[in-house]
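Student: Next up is a structure, given as structure tokens.
The values are calculated or read from the model by the stated rules, or taken from the named source; none is laboratory data. Since this is a predicted model, take the numbers as computed values, not measurements. Using ideal geometry, Cβ is built from the backbone for each residue, glycine included, and neighbour counts are taken over all protein chains shown.
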Amino acid sequence: EKEKFSVVKDLKIVTKDHKHIPILANIGTLEDIDESIHFGADGIGLLRTENQYMEQNDFPTEDELFEFYQKISERYQDKKIVVRTLDIGGDKNLSYLNIRKEANPFLGNRAIRYSLSYPALFKTQLRAILKANKHQNLSIMFPMISTIDELRQAKSILHDAISSLKEEFIEVIMPPLGIMVEVPSTAIGIEKFLKEIDFISIGTNDLIQYLFAADRMNDKVSYLYQPYNPILLKLIKDIVDKAHEFGIMVSVCGEMAANLKQAFLLIGLGIDALSMHSNVIPEIKYQFQQTYLSDLKSLANQALQLETNIEVHDLVDEYLKKLL
Ligand code: PEP
Ligand code: MG
């Protein structure tokens, strides 16, 4: 099995009916880069940037951040890297961040909300990313966007960062800009956002948590983490259809992308690219090469007609058994 997977490791894969599916990596450290290259990632669909803030006892400086982003830009010269701005808060708290104890941290001051409440900190991160973009392979993605106002505020700080660099005679270009779709308001109202961005990535871990109102860290309600639920699948399908009307690519970077059955459904629903932990990339690539996109589309259509999580799970399970 292992050897079978390693054959496709370095290839851009296509399904049997010739649809190319980019298989990207989720990374967060420099070591992760080597791993993602080793396992044959077609690019980085999600660079988590929390680590540089969590490793130390104080905010990293612009230079420290710059160095890290530049190393990544250099290692991946010919490939694209989506840099997600700070996604702190929720379960990821830090003493020096001044986030007061909240009753519901996942509904509180996290991710883009935190960055917007500390614009100077946010600008530092954005300047570091913009400066590091020598090979013009970096994109910027904002996490947890839930309203248009947040997106506009974030963009305005990005423009400030660009102007401040220009004043220092540092020429930068505006990188492609995207948002995570992981809050139901944004998922449902996606068409209002599409005019103002270049790409989107669905964060299914949070989207499922917020859609079914079930804390992703609480075992008591983990039965509500329902990645096969047709209500979720319909929502994803609507996001994809609207985005494609605007010519915008949709990837998924939550855990669903790394689970073969769920990945099959996602591609069947029209998702353009999948981003996942590097070590599952060879297997996912291998399996997509054995399938027809047309089969996955009809599988997803059948799934949308069903009622429950378990019904869809069993449908995909049957499909997979026939395939293997
Ligand atoms: C997600 O929510 O699916 C996601 C990829 O972001 P994180 O898991 O880092 O919150
Ligand atoms: Mg998330």
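Student: Among the numbered criteria (1) part of a helix (DSSP H, G or I); (2) closer than 28 Å to ILE267 by Cβ; (3) of a type in the set (Ser, Thr, Tyr), which one does TYR69 miss?
Tutor: Just one mismatch for TYR69, condition (2).
Student: Right, another one. Would you point out the residue of the range 231-268, among those that are more than 16 Å from ligand 2 (Cβ to nearest atom) and of a type in the set (Val, Ile, Thr), that is farthest from ASN279 (Cα to Cα)?
Tutor: Ranking the qualifying residues of the range 231-268, first place goes to ILE231.
Student: Okay, moving on. Are any residues in the range 183-209 in contact (Cβ under 8 Å) with a residue 60 or more places away in the chain and not in a strand (DSSP E or B), and if so, which ones?
Tutor: GLY203, ASP206, GLN209
Student: Run down THR49, THR124 and say which single residue is under 24 Å from ILE37 (Cβ atoms), polar (S, T, N, Q) and buried (at least 17 other Cβ atoms within 10 Å of the Cβ).
Tutor: The match here is THR49.
Student: Now for a separate question. Looking at the range 227-238, can you tell me whether even one residue there is closer than 24 Å to HIS313 by Cα, among the basic types (Lys, Arg) and either under 18 Å from the mean Cα position of the chain (by Cα) or more than 15 Å from ligand 1 (Cβ to nearest atom) (or both)?
Tutor: Among the residues of the range 227-238, at least one is closer than 24 Å to HIS313 by Cα, among the basic types (Lys, Arg) and either under 18 Å from the mean Cα position of the chain (by Cα) or more than 15 Å from ligand 1 (Cβ to nearest atom) (or both), which makes the answer yes.
Student: Among the aromatic types (Phe, Trp, Tyr), over 22 Å from ARG110 (Cα atoms) and either within 16 Å of ligand 2 (Cβ to nearest atom) or not in a strand (DSSP E or B) (or both): is that true of TYR228 in this structure?
Tutor: yes
Student: Any residue at all in the range 10-28 that's modelled with pLDDT under 95, touching a helix residue (DSSP H, G or I) at 6+ places or on another chain (Cβ under 6 Å) and in a helix (DSSP H, G or I)?
Tutor: Checked the range 10-28: no residue is modelled with pLDDT under 95, touching a helix residue (DSSP H, G or I) at 6+ places or on another chain (Cβ under 6 Å) and in a helix (DSSP H, G or I).
Student: Being assigned to a helix (DSSP H, G or I), within 16 Å of ligand 2 (Cβ to nearest atom) and closer than 21 Å to SER201 by Cβ is the filter here, so list the residues in the range 103-150 that pass it.
Tutor: The answer is PHE106, ILE112, ARG113, TYR114, SER115, GLU150.
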